[in-house]
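What follows is a set of notes on a single structure, which appears directly below.
The values are calculated or read from the model by the stated rules, or taken from the named source; none is laboratory data. Here the structure is a predicted model, which means the values were calculated and not measured. Methodologically, a virtual Cβ is constructed for each residue, glycine included, from the backbone with ideal geometry; neighbour enumeration extends over all protein chains shown. When the accessible area is computed, the model is the full protein with side chains, heavy atoms only, and any ligands, DNA or RNA have been set aside. Shrake-Rupley method; radii C 1.70, N 1.55, O 1.52, S 1.80 Å.
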Amino acid sequence: MEEAHRAISALGTAYYHISRLDLKTKKIELVKRSRKMELGISQKSADWNSQFEVIKDVIAEPFVQKYIDFFDTQTMAARLRNKESMSFEFKKKDGKWFLAMIVPQNYDKDGNVTSVLLANRDVTDEKLRELRQEEELREAKLNAETASKAKSAFLFNMSHDIRTPMNAIIGYADLASRHLEDTEKLSRYVDNIQICGRKLLSLLSNVLDLARIENNKVEMQYAVSDVREDFTNCVTMFQQQAESKNQTLCMTEQILYPYVYVDEPHLSEVCINIISNAVKYTNAGGTISCKVAQRPCENEDWCDMIISITDNGIGMAEEFQKHIFEPFAQEHAGSRTKFSGTGLGMPISKKLIEKMGGTITFESAEGIGTTFVIRVPFRIDTDRESKAETEAKTEASIRGLHILLAEDNELNMEIAEFMLQNEGAVVTKTWNGQEAVEIFEKSRPDEFDVILMDIMMPVMNGYEAAKMIRSMDREDAK
């Protein structure tokens with residue numbers, strides 16, 4: 001009896017409640033209780049059925065029927081036949097878990113169980129740990145499946161996007177080999193090969209860029225740059241393309257600190273990606289608005305740069321918006337053919353902005369348009385800002401200067417002429433080097449104060465024109 005008592009006492013350290021149930025009389029007797037009773041039995045000995053109803057009240061709903069079946073005294077003896085024990089985990093209404101165990105205690109002469117020990121143990125910590133591990137395993141499995149699908153889609157799209165320009169290059173090369181004597185066709189085929197080659201190189205560069213970013217191989221190189229000029233250059237790059245579609249491409253700026261430390265190549269890459277998409281996915285006659293502004297930061301000598309690019313183009317479906325930053329994501333199956341893209345620009349842009357410590361967000365609606373907003377913190381070049389203020393006070397004016405401007409690109413000519421005339425200069429335009437030489441040759445001595453000469457121009461390039469002007473027998477020419 002003493003040994004049995006010690007064994008039960010030891011068992012009671014793990015099982016906070018142990019009772020003895022007589023299966024014939026249906027009487028339950030408390031054997032051991034190591035803490036306040038939580039499952040209802042308040043008397044030392046009681047009728048099982050009445051106590052069982054009380055116990056059921058504390059069981060969580062999904063487990064009530066399982067609890068009833070587990071503690072069914074009509075089938076308990078049969079279920080325990082040739083078994084050393086039975087156990088099951090249940091959840092209570094308060095969120096805690098317990099392990100209920102039934103152990104045979106006495107048998108009749110036929111070997112049937114006549115009484116059992118009922119033991120309850122708190123397993124909340126173990127169960128929560130187990131559930132957490134199961135959730136982590138499910139999550140890991142889901143992530144692995146997602147990654148596998150993404151990898152398969154990536155490889156499929158890669159092979160498709162590489163094969164398309166490669167087939168074109170091979171095809172045009174074959175055509176060129178058959179028309180070596182036809183210089184017109186040969187020239188056209190070579191041009192097409194170069195176009196396809198540049199497209200292929202761009203694709204491979206994007207893939208390598210993405211791989212480098214994801215593997216933390218891209219290092220940000222910050223240097224002082226004029227952000228107003230940088231952003232203007234990005235917008236200007238698409239001016240002619242927008243005009244060809246009769247689109248309005250405009251820019252506004254609120255620059256407080258022109259000179260900041262910025263990774264200009266990577267920031268420009270992001271802006272170019274987004275402006276390019278805005279022009280591409282906006283119909284003829286549409287509008288693209290590019291804005292850049294700066295706001296002071298909490299950190300001294302830092303500012304937030306906010307770039308927003310808005311279009312009234314075709315917009316994006318709500319479902320696609322969830323995947324816009326995934327590699328090769330494009331909304332329509334025919335997008336690669338219709339819009340000539342790879343779906344790598346946005347994931348690259350997002351990763352680059354995040355590496356700069358910034359954010360990129362967007363709003364879009366089908367048929368209404370899209371707005372992208374980039375926010376990036378940059379350190380201000382305080383020395384340059386002070387110097388710029390001083391220089392601004394002593395800056396010389398070009399008002400009244402007579403300038404001969406040689407430029408064959410209409411867009412560049414328009415911009416240069418506007419900027420020079422806006423500052424008060426008098427501009428004479430020429431469209432190639434030969435014209436520049438002839439106009440200067442016919443001009444009065446010292447009529448022109450400055451000649452701005454483009455290099456690559458038709459008829460005569462800038463180098464040749466400059467050489468001819470300087471060789472003239474005139475003081476102002478030299």
(message) How far apart, in nanometres, would the label points at Thr252 and Asp473 be if each is projected 7 angstrom from Cα along the Cα-to-Cβ direction?
(response) 6.0
(request) Heavy atoms only, probe 1.4 angstrom, no DNA, RNA or ligands counted: give me Trp97, Trp302 ranked by accessible area, highest first. (result) Trp302, Trp97
(request) Could you order Thr252, Thr370 so the one with the most accessible surface comes first? Probe is 1.4 Å. (result) Thr252, Thr370
(request) For the stretch 73-136 and the stretch 394-472, compute the distance between their C-alpha centroids and round to whole Å. (result) 96
(request) Would you please give the residues with an amide H less than 5 Å from that of Val426, counting only those at least 5 places away or on a separate chain, with H modeled from the backbone geometry? (result) Gly400, Leu401, His402, Ile403
(request) Using the structure shown, select from Lys291/Lys322; Lys66/Lys127; Lys56/Lys93; Lys56/Lys92 the pairs with a Cα to Cα distance greater than 19 angstrom. (result) Lys291/Lys322
(message) If amide hydrogens are placed 1.01 Å from N in the peptide plane, which non-local residues have theirs closer than 5 Å to the one on Thr248?
(response) Gly286, Thr287, Ile288
(request) Whenever you get a sec, line up His17, His179 from highest to lowest accessible area (probe 1.4 Å, protein heavy atoms). (result) His179, His17
(message) Check which residues have an amide H placed less than 5 Å from Trp302's amide H, if you skip close sequence neighbours.
(response) Cys297, Ile380
